[in-house]
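Have a look at the structure below, then the notes.
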Amino acid sequence: MVKFARRVAYMQETADVIRYLFESMTDPETISFGGGAPAREALPIEQVHDIANEVLTRENRGAQALQYGNPIGIPDLRQAVIDRLLAPKGLKARLENIIIVAGGIESLNLVSQLYLEPGDVILVESPTFVHAVQVFKMFEARCIACETDNNGLVIEDVEAKIKQYAPKMIYVIPTFQNPSGRTMSLERREALAELGSQYDIVILEDDPYCELRYSGESLPPIKYFDQTGNTIYVNSFSKIFSPGSRLGYAYADESILRKLYEAKTATNSHTNVVTQILCAEFFNRGLFEPHLKLICDIHRERRDVMMACIKNMLPEGVKYVYPDGGLFTWVELPEQIDTTAMLNDAIALKVAYMPGREFFVEGQPIRNNCMRISFGSVVPEKIQIGIERLAHVIHSGL
Ligand SMILES: Cc1ncc(COP(=O)(O)O)c(C=O)c1O
(Lines give C-alpha, C1' and ligand atoms only; values in the text may rest on other atoms or scores of the structure.)
Protein backbone atom coordinates (compact mmCIF):
# COMPACT_ATOMS: atom_id res chain seq x y z
CA MET A 1 0.00 0.00 0.00
CA VAL A 2 1.25 3.46 -0.83
CA LYS A 3 1.76 5.57 2.29
CA PHE A 4 -0.67 8.44 2.80
CA ALA A 5 0.77 11.92 3.10
CA ARG A 6 1.53 13.14 6.63
CA ARG A 7 -1.44 15.53 6.63
CA VAL A 8 -3.88 12.62 6.47
CA ALA A 9 -2.82 11.47 9.93
CA TYR A 10 -3.03 15.03 11.29
CA MET A 11 -6.65 15.45 10.33
CA GLN A 12 -7.66 11.87 11.08
CA GLU A 13 -8.64 12.38 14.69
CA THR A 14 -11.00 15.27 14.00
CA ALA A 15 -12.46 13.48 10.98
CA ASP A 16 -13.18 10.35 13.06
CA VAL A 17 -15.00 12.33 15.73
CA ILE A 18 -17.15 14.14 13.19
CA ARG A 19 -17.99 10.89 11.40
CA TYR A 20 -18.92 9.09 14.64
CA LEU A 21 -21.19 11.90 15.75
CA PHE A 22 -23.01 12.15 12.47
CA GLU A 23 -23.44 8.42 12.20
CA SER A 24 -24.89 8.24 15.70
CA MET A 25 -27.47 10.86 14.86
CA THR A 26 -29.03 9.33 11.79
CA ASP A 27 -31.93 7.53 13.53
CA PRO A 28 -35.09 9.42 12.46
CA GLU A 29 -36.63 8.88 15.91
CA THR A 30 -33.75 10.70 17.57
CA ILE A 31 -34.24 14.40 18.22
CA SER A 32 -30.89 15.78 17.19
CA PHE A 33 -29.58 19.07 18.53
CA GLY A 34 -26.22 17.99 17.15
CA GLY A 35 -25.91 19.43 13.65
CA GLY A 36 -25.64 23.00 12.45
CA ALA A 37 -28.26 22.99 9.72
CA PRO A 38 -30.84 25.72 9.30
CA ALA A 39 -34.55 24.85 9.51
CA ARG A 40 -35.98 22.87 6.58
CA GLU A 41 -38.81 25.40 6.63
CA ALA A 42 -36.20 28.12 6.04
CA LEU A 43 -35.16 26.78 2.64
CA PRO A 44 -36.53 28.90 -0.24
CA ILE A 45 -37.80 25.90 -2.20
CA GLU A 46 -40.67 27.51 -4.13
CA GLN A 47 -38.67 30.62 -5.01
CA VAL A 48 -35.73 28.58 -6.30
CA HIS A 49 -38.07 26.34 -8.26
CA ASP A 50 -39.62 29.36 -10.01
CA ILE A 51 -36.23 30.96 -10.67
CA ALA A 52 -34.86 27.74 -12.14
CA ASN A 53 -37.87 27.39 -14.43
CA GLU A 54 -37.47 30.90 -15.73
CA VAL A 55 -33.73 31.32 -16.05
CA LEU A 56 -32.42 27.87 -16.97
CA THR A 57 -33.70 28.19 -20.52
CA ARG A 58 -32.06 28.62 -23.93
CA GLU A 59 -33.34 32.19 -24.19
CA ASN A 60 -32.29 33.20 -20.71
CA ARG A 61 -29.25 32.05 -18.66
CA GLY A 62 -29.28 28.34 -19.51
CA ALA A 63 -26.06 28.36 -21.52
CA GLN A 64 -24.25 30.51 -18.95
CA ALA A 65 -25.36 28.12 -16.20
CA LEU A 66 -24.10 25.00 -17.91
CA GLN A 67 -20.88 26.43 -19.36
CA TYR A 68 -17.50 26.84 -17.61
CA GLY A 69 -17.41 29.88 -15.36
CA ASN A 70 -14.91 32.42 -14.07
CA PRO A 71 -12.83 31.45 -10.99
CA ILE A 72 -13.88 34.67 -9.28
CA GLY A 73 -17.62 34.05 -9.62
CA ILE A 74 -20.43 35.62 -11.62
CA PRO A 75 -20.60 39.43 -11.49
CA ASP A 76 -24.22 39.79 -10.39
CA LEU A 77 -23.76 37.55 -7.35
CA ARG A 78 -20.56 39.44 -6.40
CA GLN A 79 -22.48 42.70 -6.82
CA ALA A 80 -25.31 41.36 -4.63
CA VAL A 81 -22.74 40.53 -1.96
CA ILE A 82 -21.41 44.10 -2.10
CA ASP A 83 -24.78 45.87 -2.12
CA ARG A 84 -27.01 43.63 -0.06
CA LEU A 85 -24.69 41.91 2.40
CA LEU A 86 -21.58 44.05 2.91
CA ALA A 87 -22.87 47.63 2.49
CA PRO A 88 -25.45 47.24 5.31
CA LYS A 89 -22.51 46.30 7.59
CA GLY A 90 -20.64 49.48 6.66
CA LEU A 91 -18.17 47.60 4.42
CA LYS A 92 -17.30 49.38 1.18
CA ALA A 93 -16.17 46.65 -1.20
CA ARG A 94 -15.67 46.73 -4.97
CA LEU A 95 -16.05 43.86 -7.41
CA GLU A 96 -12.25 43.38 -7.35
CA ASN A 97 -12.47 42.55 -3.64
CA ILE A 98 -14.96 39.68 -3.87
CA ILE A 99 -14.59 36.03 -4.85
CA ILE A 100 -17.43 33.49 -4.81
CA VAL A 101 -16.41 30.14 -3.34
CA ALA A 102 -17.92 26.70 -2.80
CA GLY A 103 -19.32 27.20 0.71
CA GLY A 104 -17.82 28.81 3.79
CA ILE A 105 -15.37 25.97 4.35
CA GLU A 106 -13.70 26.57 0.99
CA SER A 107 -12.63 30.07 2.01
CA LEU A 108 -10.84 28.59 5.02
CA ASN A 109 -9.14 26.18 2.69
CA LEU A 110 -8.09 28.81 0.14
CA VAL A 111 -6.83 31.25 2.76
CA SER A 112 -4.84 28.39 4.33
CA GLN A 113 -3.33 27.64 0.94
CA LEU A 114 -2.09 31.22 0.71
CA TYR A 115 -0.51 31.51 4.11
CA LEU A 116 0.18 28.27 5.95
CA GLU A 117 3.43 26.33 6.07
CA PRO A 118 3.64 23.13 8.13
CA GLY A 119 4.13 23.99 11.79
CA ASP A 120 2.70 27.53 11.50
CA VAL A 121 0.58 28.60 14.45
CA ILE A 122 -3.04 29.77 14.18
CA LEU A 123 -4.69 31.29 17.20
CA VAL A 124 -8.33 30.26 17.61
CA GLU A 125 -11.08 30.83 20.13
CA SER A 126 -11.66 28.35 22.94
CA PRO A 127 -13.94 26.63 22.04
CA THR A 128 -13.83 26.85 18.22
CA PHE A 129 -15.41 25.38 15.05
CA VAL A 130 -14.27 21.79 14.66
CA HIS A 131 -14.30 21.76 10.83
CA ALA A 132 -12.02 24.79 10.71
CA VAL A 133 -9.52 22.95 12.89
CA GLN A 134 -9.75 20.02 10.49
CA VAL A 135 -8.90 22.30 7.55
CA PHE A 136 -5.99 23.93 9.37
CA LYS A 137 -4.65 20.52 10.37
CA MET A 138 -4.73 19.45 6.75
CA PHE A 139 -2.13 22.18 6.23
CA GLU A 140 -0.19 20.81 9.21
CA ALA A 141 -0.73 24.00 11.16
CA ARG A 142 -0.79 24.09 14.94
CA CYS A 143 -3.99 25.51 16.45
CA ILE A 144 -3.53 27.27 19.79
CA ALA A 145 -6.65 28.33 21.69
CA CYS A 146 -7.06 31.72 23.36
CA GLU A 147 -9.25 32.52 26.31
CA THR A 148 -12.81 33.68 25.66
CA ASP A 149 -15.60 35.03 27.84
CA ASN A 150 -19.12 36.29 27.19
CA ASN A 151 -17.69 39.09 25.03
CA GLY A 152 -15.62 36.79 22.84
CA LEU A 153 -11.83 36.55 22.59
CA VAL A 154 -9.98 38.01 25.55
CA ILE A 155 -7.67 40.48 23.84
CA GLU A 156 -4.96 40.41 26.54
CA ASP A 157 -4.61 36.65 26.13
CA VAL A 158 -4.50 37.00 22.34
CA GLU A 159 -1.69 39.53 22.60
CA ALA A 160 0.22 37.37 25.09
CA LYS A 161 -0.07 34.39 22.73
CA ILE A 162 0.99 36.50 19.74
CA LYS A 163 4.19 37.27 21.65
CA GLN A 164 4.63 33.66 22.72
CA TYR A 165 3.87 31.87 19.45
CA ALA A 166 4.32 34.42 16.62
CA PRO A 167 1.20 33.13 14.82
CA LYS A 168 0.57 33.57 11.10
CA MET A 169 -3.15 33.84 11.52
CA ILE A 170 -5.98 34.35 14.01
CA TYR A 171 -9.22 32.55 13.17
CA VAL A 172 -12.32 34.06 14.73
CA ILE A 173 -16.10 33.68 14.46
CA PRO A 174 -17.21 36.96 16.01
CA THR A 175 -21.00 36.71 15.77
CA PHE A 176 -23.17 33.98 17.36
CA GLN A 177 -20.06 31.85 17.45
CA ASN A 178 -19.98 28.18 16.60
CA PRO A 179 -20.11 26.42 19.04
CA SER A 180 -20.72 28.88 21.89
CA GLY A 181 -23.42 31.19 20.45
CA ARG A 182 -21.50 34.16 21.92
CA THR A 183 -20.84 37.47 20.19
CA MET A 184 -17.64 39.47 20.36
CA SER A 185 -18.05 43.01 21.67
CA LEU A 186 -17.52 46.11 19.54
CA GLU A 187 -14.41 47.17 21.48
CA ARG A 188 -12.79 43.79 21.07
CA ARG A 189 -13.55 43.70 17.34
CA GLU A 190 -11.71 46.96 16.93
CA ALA A 191 -8.86 45.83 19.19
CA LEU A 192 -8.43 42.57 17.26
CA ALA A 193 -8.27 44.38 13.91
CA GLU A 194 -5.60 46.62 15.41
CA LEU A 195 -3.59 43.65 16.70
CA GLY A 196 -3.66 42.15 13.19
CA SER A 197 -2.22 45.38 11.79
CA GLN A 198 0.26 45.96 14.59
CA TYR A 199 1.80 42.48 14.49
CA ASP A 200 1.16 41.85 10.79
CA ILE A 201 -1.02 38.78 11.28
CA VAL A 202 -3.93 37.61 9.11
CA ILE A 203 -7.24 37.94 10.92
CA LEU A 204 -9.51 35.36 9.31
CA GLU A 205 -12.99 36.57 10.19
CA ASP A 206 -15.66 33.91 9.59
CA ASP A 207 -19.16 35.35 9.94
CA PRO A 208 -21.81 32.89 8.63
CA TYR A 209 -24.37 33.58 11.36
CA CYS A 210 -24.31 37.41 11.42
CA GLU A 211 -27.53 37.85 9.40
CA LEU A 212 -29.45 35.50 11.71
CA ARG A 213 -30.04 38.05 14.48
CA TYR A 214 -33.19 37.65 16.61
CA SER A 215 -32.57 40.24 19.33
CA GLY A 216 -30.10 43.00 20.21
CA GLU A 217 -28.19 45.43 17.99
CA SER A 218 -26.07 44.49 14.97
CA LEU A 219 -22.34 45.11 15.30
CA PRO A 220 -19.89 46.01 12.53
CA PRO A 221 -17.52 43.19 11.52
CA ILE A 222 -13.84 43.20 12.52
CA LYS A 223 -13.10 43.97 8.86
CA TYR A 224 -14.81 47.33 9.33
CA PHE A 225 -11.94 48.39 11.62
CA ASP A 226 -9.18 47.03 9.41
CA GLN A 227 -6.85 49.83 8.23
CA THR A 228 -4.11 47.69 6.70
CA GLY A 229 -5.82 44.86 4.80
CA ASN A 230 -4.80 42.25 7.39
CA THR A 231 -8.38 41.10 7.93
CA ILE A 232 -9.95 38.71 5.44
CA TYR A 233 -13.72 38.53 5.78
CA VAL A 234 -15.37 35.24 4.76
CA ASN A 235 -19.00 34.27 4.78
CA SER A 236 -21.41 31.65 3.50
CA PHE A 237 -24.83 31.45 1.85
CA SER A 238 -25.53 28.22 3.73
CA LYS A 239 -27.58 29.72 6.54
CA ILE A 240 -29.33 32.46 4.57
CA PHE A 241 -30.05 30.70 1.26
CA SER A 242 -29.18 26.99 1.13
CA PRO A 243 -26.33 24.83 2.43
CA GLY A 244 -26.80 22.36 -0.42
CA SER A 245 -26.05 25.06 -2.99
CA ARG A 246 -22.45 25.21 -1.61
CA LEU A 247 -21.91 28.94 -1.96
CA GLY A 248 -19.84 31.37 0.02
CA TYR A 249 -17.70 34.43 -0.54
CA ALA A 250 -14.52 36.11 0.61
CA TYR A 251 -13.84 39.84 0.83
CA ALA A 252 -10.23 40.92 0.92
CA ASP A 253 -7.81 43.52 -0.38
CA GLU A 254 -7.21 43.29 -4.11
CA SER A 255 -3.65 41.93 -3.79
CA ILE A 256 -4.90 39.06 -1.59
CA LEU A 257 -7.88 38.49 -3.82
CA ARG A 258 -5.63 37.98 -6.86
CA LYS A 259 -3.87 35.18 -4.96
CA LEU A 260 -7.19 33.66 -3.86
CA TYR A 261 -8.16 33.65 -7.53
CA GLU A 262 -5.04 31.62 -8.34
CA ALA A 263 -5.61 29.20 -5.45
CA LYS A 264 -9.25 28.77 -6.49
CA THR A 265 -8.26 28.08 -10.09
CA ALA A 266 -5.82 25.40 -9.00
CA THR A 267 -8.34 23.89 -6.57
CA ASN A 268 -11.53 23.47 -8.58
CA SER A 269 -11.54 26.01 -11.39
CA HIS A 270 -14.63 27.85 -10.24
CA THR A 271 -17.76 27.56 -8.12
CA ASN A 272 -20.86 25.82 -9.49
CA VAL A 273 -22.43 28.31 -11.93
CA VAL A 274 -25.95 26.83 -11.75
CA THR A 275 -26.30 27.59 -8.04
CA GLN A 276 -24.55 30.95 -8.39
CA ILE A 277 -27.19 32.02 -10.93
CA LEU A 278 -30.06 30.77 -8.78
CA CYS A 279 -28.70 32.67 -5.80
CA ALA A 280 -27.94 35.86 -7.77
CA GLU A 281 -31.49 35.88 -9.19
CA PHE A 282 -32.82 35.36 -5.67
CA PHE A 283 -31.16 38.65 -4.70
CA ASN A 284 -31.89 40.44 -8.00
CA ARG A 285 -35.62 39.71 -7.68
CA GLY A 286 -35.80 41.23 -4.20
CA LEU A 287 -36.51 37.86 -2.58
CA PHE A 288 -33.64 37.87 -0.10
CA GLU A 289 -34.83 40.49 2.40
CA PRO A 290 -38.35 39.05 2.96
CA HIS A 291 -36.83 35.57 3.12
CA LEU A 292 -34.33 36.68 5.74
CA LYS A 293 -37.17 38.06 7.82
CA LEU A 294 -38.97 34.72 7.54
CA ILE A 295 -35.95 32.66 8.54
CA CYS A 296 -35.19 34.95 11.46
CA ASP A 297 -38.81 34.57 12.62
CA ILE A 298 -38.62 30.77 12.36
CA HIS A 299 -35.32 30.54 14.20
CA ARG A 300 -36.24 33.16 16.79
CA GLU A 301 -39.23 31.07 17.83
CA ARG A 302 -36.99 28.00 18.12
CA ARG A 303 -34.40 29.95 20.09
CA ASP A 304 -37.09 31.21 22.47
CA VAL A 305 -38.60 27.77 23.01
CA MET A 306 -35.16 26.21 23.48
CA MET A 307 -34.02 28.80 26.00
CA ALA A 308 -37.27 28.59 27.99
CA CYS A 309 -36.99 24.78 28.11
CA ILE A 310 -33.34 24.91 29.17
CA LYS A 311 -34.19 27.41 31.90
CA ASN A 312 -37.17 25.43 33.17
CA MET A 313 -36.10 21.83 32.71
CA LEU A 314 -32.34 21.50 33.17
CA PRO A 315 -31.09 21.04 36.74
CA GLU A 316 -30.02 23.98 38.85
CA GLY A 317 -26.37 24.89 38.53
CA VAL A 318 -26.36 24.37 34.78
CA LYS A 319 -24.96 27.43 32.99
CA TYR A 320 -25.82 28.39 29.45
CA VAL A 321 -25.36 31.10 26.84
CA TYR A 322 -28.37 33.12 25.72
CA PRO A 323 -27.63 33.66 22.00
CA ASP A 324 -28.98 36.78 20.28
CA GLY A 325 -28.92 34.91 17.00
CA GLY A 326 -27.38 32.05 15.05
CA LEU A 327 -28.21 28.41 15.66
CA PHE A 328 -26.44 27.42 18.88
CA THR A 329 -26.41 27.64 22.60
CA TRP A 330 -23.60 26.33 24.78
CA VAL A 331 -24.48 24.51 27.96
CA GLU A 332 -22.10 23.92 30.85
CA LEU A 333 -23.09 21.06 33.19
CA PRO A 334 -21.72 20.36 36.67
CA GLU A 335 -18.01 19.43 36.55
CA GLN A 336 -18.57 15.72 37.29
CA ILE A 337 -20.54 15.13 34.09
CA ASP A 338 -18.58 14.12 31.01
CA THR A 339 -20.78 14.98 28.03
CA THR A 340 -18.84 12.67 25.66
CA ALA A 341 -19.50 9.66 27.91
CA MET A 342 -23.10 10.80 28.43
CA LEU A 343 -23.84 10.89 24.69
CA ASN A 344 -24.47 7.13 24.54
CA ASP A 345 -27.13 7.42 27.27
CA ALA A 346 -28.66 10.37 25.47
CA ILE A 347 -28.78 8.50 22.16
CA ALA A 348 -30.40 5.54 23.94
CA LEU A 349 -33.11 8.00 25.03
CA LYS A 350 -33.30 9.30 21.47
CA VAL A 351 -31.81 12.73 21.91
CA ALA A 352 -28.42 13.93 20.62
CA TYR A 353 -26.11 16.94 21.02
CA MET A 354 -22.48 17.77 20.27
CA PRO A 355 -20.17 17.02 23.20
CA GLY A 356 -18.07 20.06 24.04
CA ARG A 357 -14.72 18.29 24.15
CA GLU A 358 -14.43 18.25 20.37
CA PHE A 359 -14.30 22.02 20.16
CA PHE A 360 -11.16 22.44 22.24
CA VAL A 361 -7.57 22.49 21.09
CA GLU A 362 -4.28 22.97 22.93
CA GLY A 363 -3.66 26.23 24.78
CA GLN A 364 -6.76 26.26 26.98
CA PRO A 365 -8.27 23.66 29.30
CA ILE A 366 -10.41 20.99 27.63
CA ARG A 367 -13.90 21.21 29.08
CA ASN A 368 -15.54 17.80 29.27
CA ASN A 369 -18.72 19.06 30.91
CA CYS A 370 -19.98 21.26 28.06
CA MET A 371 -22.22 20.63 25.07
CA ARG A 372 -23.29 22.49 21.95
CA ILE A 373 -27.01 22.43 21.38
CA SER A 374 -28.47 23.55 18.08
CA PHE A 375 -32.07 24.67 17.80
CA GLY A 376 -31.94 25.31 14.04
CA SER A 377 -33.35 22.15 12.57
CA VAL A 378 -35.77 20.98 15.28
CA VAL A 379 -39.42 22.11 15.32
CA PRO A 380 -40.59 23.80 18.57
CA GLU A 381 -42.72 20.85 19.79
CA LYS A 382 -39.77 18.51 19.41
CA ILE A 383 -37.39 20.95 21.09
CA GLN A 384 -39.53 20.63 24.18
CA ILE A 385 -39.55 16.81 24.07
CA GLY A 386 -35.82 16.71 23.30
CA ILE A 387 -34.87 18.95 26.23
CA GLU A 388 -37.11 16.89 28.52
CA ARG A 389 -35.18 13.78 27.48
CA LEU A 390 -31.88 15.57 27.93
CA ALA A 391 -32.89 16.76 31.39
CA HIS A 392 -33.63 13.16 32.29
CA VAL A 393 -30.20 11.98 31.12
CA ILE A 394 -28.45 14.78 33.00
CA HIS A 395 -30.41 14.11 36.22
CA SER A 396 -29.41 10.44 36.01
CA GLY A 397 -25.76 11.47 35.79
CA LEU A 398 -25.80 13.70 38.87
C1 LIG B 1 -18.23 28.99 11.79
C2 LIG B 1 -18.56 28.34 10.51
N3 LIG B 1 -17.83 28.61 9.44
C4 LIG B 1 -18.09 28.05 8.25
C5 LIG B 1 -19.13 27.17 8.10
C6 LIG B 1 -19.26 26.52 6.78
O7 LIG B 1 -20.35 26.67 6.12
P8 LIG B 1 -20.59 26.04 4.68
O9 LIG B 1 -21.71 25.11 4.85
O10 LIG B 1 -20.96 27.22 3.87
O11 LIG B 1 -19.34 25.41 4.19
C12 LIG B 1 -19.93 26.84 9.19
C13 LIG B 1 -21.02 25.88 9.07
O14 LIG B 1 -21.55 25.32 9.95
C15 LIG B 1 -19.64 27.43 10.44
O16 LIG B 1 -20.34 27.17 11.53
| task | Over the chain, calculate the relative contact order: mean separation of alpha carbon pairs under 8 Å at least 6 apart, over the residue count, as a percent. | result | 24 percent
| Under a plain spin-label model, where a point goes 7 Å from the Cα along Cα-to-Cβ, how far apart in nm are Asn151 and Glu388? | 4.1 nm
| So what's the net charge close to His392: Lys and Arg +1, Asp and Glu -1, counting the other residues with Cβ under 13 Å from its Cβ? | 0
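Relative contact order for segment 53-103: what percent, with Cα pairs under 8 Å and sequence separation of 6 or more?
On the way: 31 pairs, mean separation 16.9, N = 51.
33 percent.
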| message | Output wanted: per-residue J couplings in Hz (rounded whole) for segment 143-153, from phi through Karplus 6.51 cos²θ - 1.76 cosθ + 1.60, θ = phi - 60°, x for Gly and Pro. | response | 8, 10, 8, 10, 5, 10, 9, 5, 9, x, 4
| note | Over all pairs of different Cα atoms in the chain, the reciprocal of the mean inverse distance gives a Kirkwood radius in Å of 21.8 Å
| remark: Excluding residues fewer than 8 positions from Lys311 in its own chain, the aspartates and glutamates with Cα under 15 Å of it are Glu332, Glu388
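Compute the relative contact order of segment 211-279 as a whole-number percentage, counting only Cα pairs closer than 8 Å that sit 6 or more residues apart in sequence.
24 percent
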| task | Using only the Cα atoms of segment 1-84, build the gyration tensor, take square roots of its eigenvalues as a ≥ b ≥ c, and label the shape rounded, prolate or oblate: rounded if a/c is under 1.5, else prolate if a/b is larger than b/c, else oblate. | result | oblate
| query | Pairs Lys92/Lys223; Lys223/Lys319; Lys137/Lys168: which are spaced more than 20 Å apart, C-alpha to C-alpha? | reply | Lys223/Lys319
| remark: Share of accessible surface on carbon and sulfur in segment 1-154, whole %, 1.4 Å probe and ligands ignored, is 54 percent
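How large a share of the accessible area of segment 256-368, in percent, is made up of carbon and sulfur atoms when the probe is 1.4 Å and the other protein chains stay in place?
52 percent
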| Estimated Rh, segment 33-137: Kirkwood, alpha-carbon pairs, angstrom | 17.4 Å
| Along the charge dipole of segment 71-124, Cβ charges K/R +1 and D/E -1, which of Ala87, Ile74, Ala102 sits furthest on the positive end? | Ala87
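Please find the FRET efficiency linking Glu29 to His131, where r is the Cβ-Cβ separation and R0 is fixed at 25 Å, and quote it to the nearest 0.05.
So, using R0 = 25 Å, E works out to roughly 0.40.
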| message | Using protein chains only and a probe of 1.4 angstrom, how many square angstrom of Tyr199 are accessible, to the nearest 10? | response | 70 Å²
| query | In square angstrom, what is the accessible area per residue of segment 134-257 with a 1.4 angstrom probe? | reply | 33 Å²
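The values are calculated or read from the model by the stated rules, or taken from the named source; none is laboratory data. Keep in mind that what you see is a predicted model, and the values were worked out from it rather than measured. Using ideal geometry, Cβ is built from the backbone for each residue, glycine included, and neighbour counts are taken over all protein chains shown. Surface areas here come from the heavy atoms of the whole protein model, side chains and all, with no ligands, DNA or RNA. Shrake-Rupley method; radii C 1.70, N 1.55, O 1.52, S 1.80 Å.
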